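Laboratory data are not the source of any read-out in this text; all were calculated from the coordinates shown. Quantities reported herein were computed from a predicted structural model and do not represent experimental measurements. Quick reminder, even Gly has a Cβ in these numbers, built from the backbone with ideal geometry, and neighbours come from all protein chains shown.
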Amino acid sequence: MEKQSLSYIENQPALSRREFITIGGIVVAFLALPVVWIRTIVASNNDYIRARTKGLYQDDARAAVRVSHANKSVARYYREFGGEPLGHLSHELLHTSYINRTKGLVS
Amino acid sequence: MNVAPQTYRKGEIPGVIAIRASDCKGCDACKRHCPTGAIQGAFGATHSIDVDACLSCGQCLINCPFGAPYETADSVENVLARLRDRTVTVAGIIAPAVRVAIGEDFGLPAGTLATGKLYSAMKKAGFEIFDNNFAADLTIMEEGSEFIARARQAVFGEKGAHGEAAGPLPQFTSCCPAWVRFVETKYPALIPHLSSAKSPQQMAGAVAKTYGTKVWNKPADRLYTVGIMPCTAKKLEASRPEFNQAFLYNRRNNAAAGVAYPDVDAVLTTRDLSRLFKKLNIDLAAQKDSAGDTLLADYTGAGTIFGNTGGVMEAAVRTACAVITGKELTPLDFRPARGLKGVKSASVTLHDAKYSKDVTLHLAVVHNIAQNIDPLLRDVLAGTSPYHFIEVMNCPGGCVNGGGQPVYGNGSSWLGAIRPWFAWN
């Protein structure tokens, strides 16, 4: 019995240059999708902060009085009750002191 | 674990934020937002908070993709009980950043300015309006005067009216309770640099229970003050035991006896207030605009921008310019303080009318202290800091993005950002 020769010949890769570029392009496009998607999310990250910030600057822009020292009600507070900024009553009611919390406080 | 907290005094809330272990996935998203590294637990393991290091700022809470952090202190029921009690006047102290965010909980677009609607809804719920912007203007008067005193002492050797020395430069703002706690727990050497002015919330509480008794014609013990804040750390601030100055003042003037009361009785975050409105079936978006009724709701544009990063600086520059030079700042918009850059700096040269000399002030604005503060503080400690006045806010963007604001489903809350795309939603 004659010994059977087993020789396997693989198909030649039948991929033309065009096909290779097309397939490569599709793969790259799919790889790029999540990058674009994540970039969009990151870019919109601070949108709500900007929107709220804008809201407050709007409130400022449309205010009739835009400086604290011209607030008539604050002036009235000082006249009727508080005295003057950094005055005696201000130190009592509007100023405070801070404590060193690194030493371990007895709670 | 379970060691008694070391950095709190008796009466203070030992940490407003905690993590619900059943919801935590151990994804580490929160750690990026924590200014002090207080969040413990390895990647993949359930996280917990070291309350001694925690500032209670709530940044982890608004940025967690899974909603695992929660607030341990909730005053909604207490406030509702006081609102039902006809003998008590409940004053709601509304912070600036609340008016541009609370609409989001009632279907309005982000950033809608809803001051009038908020006033109406508050009145419907039974609150008296104390606009914290009034207290912000008061803060500028106090803190600005303090800064001018410190600057004139440094430049001209000026002493106070009684020969007392002003504090050192640079002066840090002290409105942000998380920042104050950050200094107290990590950089105690810088305490003299903090402005001694209270935060607007605490000024408001002290004024409401002294001067406010005349405005509303109510004795102080029948007044219940509620801070309505974009901030979880304000709950901790209000619980600090030294903040009962109104009681001490009233007792000295024979207008109080018996049990001491705090200046601010309760603090609700923006989210808490939405919850309260919803319990009372008040739809904020459907309200008509109304005005605040008393002078304590009267505010200026300088007071309202306190909620933005750079806002305190801008307001202070406007007033400092007028006080130092005798002329108003033109234009009033102080652009260098605006925007979301981590550290903003500016120099202004003002002609001091009192001494007829030009003074150049170097100013800095810092927010998102988790990323930006340490290099600046090292300079101050080394004595090489070029700045005279530094505004610090803990949260990125300032109070508008505070830990008590409506949670916006993006940022690192990526789960919230993709959830609308899920078929089952």
Using helices alone, what [θ] at 222 nm do you get for the protein assembly as shown, with -39,500 (n - 2.57) per DSSP H run of 4 or more residues, divided over all residues and rounded to the nearest 500?
-> -10500 deg cm²/dmol
Per the Kirkwood formula over distinct C-alpha pairs, the hydrodynamic radius of segment B:165-294 in angstrom is 16.8
Using the Kirkwood radius over Cα pairs, work out the Stokes-Einstein diffusion coefficient for the protein assembly as shown at 4 °C and 1.567 mPa s, in µm²/s as a whole number.
-> 52
So what's the net charge close to residue B:262: Lys and Arg +1, Asp and Glu -1, counting the other residues with Cβ under 11 Å from its Cβ?
-> -2
Place the peptides B:376-382, B:199-205 in order of packing, highest mean first, counting for every residue the other Cβ atoms within 10 Å and averaging per peptide.
-> B:199-205, B:376-382
Would you please classify the overall shape of segment B:1-72 from the alpha carbon gyration tensor, given that a ≥ b ≥ c denote the square roots of the eigenvalues, rounded means a/c under 1.5, and beyond that prolate means a/b larger than b/c while oblate covers the rest?
-> prolate
Going highest first, how would you order B:389-401, B:314-326 by mean Cβ packing within 10 Å?
-> B:389-401, B:314-326
Percentage of interatomic Cα-Cα distances in chain A larger than 20 Å = 78
With the radius of gyration and the Kirkwood radius both derived from the Cα set of segment B:283-364, what is their ratio Rg to Rh?
-> 1.11
Along segment B:62-73, what does the Karplus equation 6.51 cos²θ - 1.76 cosθ + 1.60 (θ = phi - 60°) give for ³J(HN,Hα), rounded to whole Hz, x for Gly and Pro?
-> 7, 10, 6, x, 10, x, 7, x, 9, 8, 7, 10
Residues whose placed amide H lies under 5 Å from that of residue B:389, excluding near-sequence neighbours | B:171, B:362, B:364
Once the Cβ-Cβ distance between residue B:283 and residue B:81 is put in as r, and R0 is 22 Å, what FRET efficiency do you end up with, to the nearest 0.05?
-> 0.45
State whether segment B:143-221 is rounded, prolate or oblate according to the following rule on the C-alpha gyration tensor (a ≥ b ≥ c being the square roots of its eigenvalues): a/c under 1.5 gives rounded; otherwise a/b larger than b/c gives prolate, and the remaining case gives oblate.
-> oblate
Please give the length that would be gained between residue B:248 and residue B:21 if that part of the chain were fully extended, namely 0.36 nm times their separation in residues minus their C-alpha to C-alpha distance (nm, one decimal).
-> 77.5 nm
FRET efficiency for residue B:333 and residue B:88, Cβ-Cβ distance as r, R0 = 41 Å, nearest 0.05?
-> 0.45
Chain B - convex hull of the alpha-carbon atoms, volume per residue in Å³ | 162
Given a cut-off of under 8 Å on Cα pairs at least six residues apart, what relative contact order in percent is computed for chain B?
-> 22
Which FRET efficiency, nearest 0.05, do residue B:384 and residue B:159 yield, Cβ-Cβ r, R0 35 Å?
-> 0.85
Nearby lysines by direct alpha-carbon distance to residue B:10 (threshold 29 angstrom, same-chain neighbours under 8 apart not counted) | A:103, B:31, B:186, B:198, B:209, B:234, B:235
Would you please give the residues with an amide H less than 5 Å from that of residue B:224, counting only those at least 5 places away or on a separate chain, with H modeled from the backbone geometry?
-> B:89, B:90, B:91
In nm, give the distance between the simple-model label positions of residue A:5 and residue B:354, each being 7 Å from the Cα along the Cα-to-Cβ direction.
-> 10.9
So which trypsin sites (Lys or Arg not before Pro) in segment A:1-62 are both in a DSSP loop and have at most 11 other Cβ atoms within 10 Å of their Cβ?
-> A:3, A:62
Under-5 Å amide H pairs with residue B:268, H placed in peptide plane, nonlocal only | B:227, B:228, B:229
Run down the aspartates and glutamates and flag those whose C-alpha is under 18 Å from the C-alpha of residue B:159, throwing out any fewer than 8 positions away in its chain.
-> A:84, B:142, B:143, B:146, B:352
Mind listing the phi-derived Karplus ³J(HN,Hα) values for segment B:381-386, rounded to whole Hz, using 6.51, -1.76 and 1.60 with θ = phi - 60°, and x for any glycine or proline?
-> 5, 7, x, 9, 5, x
